[in-house]
Structures are given as structure tokens and as C-alpha cells.
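Trainee: This is the structure I want to talk about, given as C-alpha cells.
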Amino acid sequence: MSETLTGRRVAFLVAPEGAEQVELTEPWQAVRDAGGEPELVSISPGTIQAFNHLDKADTFPVDKVVTEVSPADYDALVLPGGVANPDFLRTVPNAVRFAGEFFAQQQPVAAICHAPWLLIEADVVRGRRLTSYPSLQTDLRNAGAEWVDEEVVVDAGFVTSRKPDDLPAFCAKMVEEIGEGAHRAQARSA
């Protein structure tokens, strides 16, 4: 992969536990392979516990606590899925604010699987075309989004995919959108 993200910092926001490991590690590696600098942001210091579906997987060190950073510190946001991860994050006002501000600042955001749950709480999906794990489609439609069943969807710097099988397409589009930088239309739902 080319060095299209050289000098770009990318926040990966996750809860202390529940992130689907492959939805964290594959996008992380894609950012690195493209020359970017990923940082793991969570709601508390220490480590996060990733999962392989419902089974505990590896732990990963937290680089920054969400209360210590701002979207202005980063060039993009990646939201891994896992059922418990975004379900927990959407109950944490600082995590909701952090995610929503990326839209207001017109920065690229990539969310896979159940991660759009957090974005419903941030009230940034209204009028947006996106996909997710199929069980979220009613929640997303009720929040004003146009939900579609596609491998990867891009809507003005906002990249979404459904599940781990979609990771190759998700990672490629995520890197492309981050490489393009700010997207004016990203702020329309903020």
C-alpha cells in the first residue's frame, strides 16, 4: 500500500471491552500500511479487552483517554464494532461528543458493524446513506438515516460496512477517504 496517509493521525475510539478484535486490528494495520499514525482512544487509561464475537481475545494498550483529546488532534476517526463496544460508548457523554465533533469538523469517519449505534446517539446519521450490521437497520432508519445492505458505503467522507467479511473493502475506502482529507458535506448532519 502507498504512503497516502503519511503524517495523518487517526483516532480509534473503543470502550474498555467489547470491541470486535478484527474490526480494530485490520483497519489499524491498513492505516499503518498507508503511513498513518493510529492511536487507541478509550474512556479510561490502561488496556482494552477485545473480543472474537463473544469470546475474549487480546488486550491492547490505550494511547489516550477521550477526555484528554479533541477531534482537532486527529485527521480522522475509526469506530470498530462488536455489539458491546458501541452500546457502552453511547452511554458515555464524552465519547458521544468526541465522535459527533468529527462530523462538525468535516473530518472522515469510518464505522463498521454495530459502531453506528454510537453515531445515532451523537445525532449525526440523519439524512445520511449508510450500512451497518443488519440488526441496526431499524434503529438507523428511525434516526433518519437511509440504511442499505451493501458491502461498503461512502457518503461524503463517512465510510460504513456491515461485518468482518467486508473488511477488505472497508479498509480500502477508509484509507482513500482519510487520504482525501476534510469533506465539507460531512458537517451537514452534525
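Trainee: Looking at the range 72-92, which of its residues are touching a Leu at 6+ places or on another chain (Cβ under 7 Å) and either surrounded by fewer than 23 Cβ atoms within 10 Å (Cβ to Cβ) or of a type in the set (A, V, I, L, M, F, W, C) (or both)? Please lay out each step first, then the result.
Mentor: Going residue by residue through the range 72-92, those that are touching a Leu at 6+ places or on another chain (Cβ under 7 Å) are 77, 79-80, 86, 89-90.
Scanning the range 72-92 gives Leu77, Leu79, Leu89, Arg90.
Trainee: Then there is this: Identify all residues within the range 177-190 that are outside any helix (DSSP H, G or I) and either open to solvent by less than 30 Å² (accessible area, probe 1.4 Å) or at positive phi (or both); write none if there are none. Please lay out each step first, then the result.
Mentor: Our first condition is that a residue be outside any helix (DSSP H, G or I); within the range 177-190, this holds for 181-183, 190.
Scanning the range 177-190 gives Gly181, His183.
Trainee: Going by the structure shown, is Thr138 open to solvent by less than 10 Å² (accessible area, probe 1.4 Å) and of a type in the set (S, T, N, Q)?
Mentor: On the way: open to solvent by less than 10 Å² (accessible area, probe 1.4 Å): no; of a type in the set (S, T, N, Q): yes.
So Thr138 fails the test.
Trainee: On to the next question. Taking Asp73 as the residue in question, decide whether it is farther than 23 Å from Gln49 by Cα and of a type outside the set (Lys, Arg).
Mentor: Numbers: farther than 23 Å from Gln49 by Cα: yes; of a type outside the set (Lys, Arg): yes.
Judged against the criteria, Asp73 is a match.
Trainee: Test Asp58 against the stated conditions and say whether it is more than 18 Å from Gly157 (Cα to Cα), assigned to a helix (DSSP H, G or I) and acidic (Asp, Glu).
Mentor: Numbers: more than 18 Å from Gly157 (Cα to Cα): yes; assigned to a helix (DSSP H, G or I): no; acidic (Asp, Glu): yes.
The answer is no for Asp58.
Trainee: Still on this structure, I have one more. Name the residues in the range 141-153 that are in contact with a Ser or Thr (Cβ under 8 Å, 6 or more places away or on another chain) and open to solvent by 10 Å² or more (accessible area, probe 1.4 Å), would you?
Mentor: From the range 141-153, those in contact with a Ser or Thr (Cβ under 8 Å, 6 or more places away or on another chain) are 147-153; that's our starting set.
Passing the criteria: Trp147, Val148, Asp149, Glu150, Glu151, Val152.
Trainee: So which residues in the range 38-62 are closer than 18 Å to Val10 by Cβ and surrounded by fewer than 16 Cβ atoms within 10 Å (Cβ to Cβ)?
Mentor: The answer is Pro61, and nothing else.
Trainee: Which ones in the range 7-35 are modelled with pLDDT of 95 or more, closer than 15 Å to Tyr74 by Cα and open to solvent by 10 Å² or more (accessible area, probe 1.4 Å)?
Mentor: Filtering the range 7-35 for residues modelled with pLDDT of 95 or more gives 8-35.
Subsequent filtering for residues that are closer than 15 Å to Tyr74 by Cα retains 8-13, 28, 31-32, 35.
Across the range 7-35, the qualifying residues are Arg8, Arg9, Trp28, Arg32, Gly35.
The values are calculated or read from the model by the stated rules, or taken from the named source; none is laboratory data. This one's a predicted model, so the numbers in the text were calculated from it and none came from an experiment. Because the Cβ atoms are built from the backbone with ideal geometry, glycine has one as well, and the counts that use them run over all protein chains shown. We work out accessible area using only protein heavy atoms, side chains counted, and drop any ligands, DNA or RNA first. Shrake-Rupley method; radii C 1.70, N 1.55, O 1.52, S 1.80 Å.
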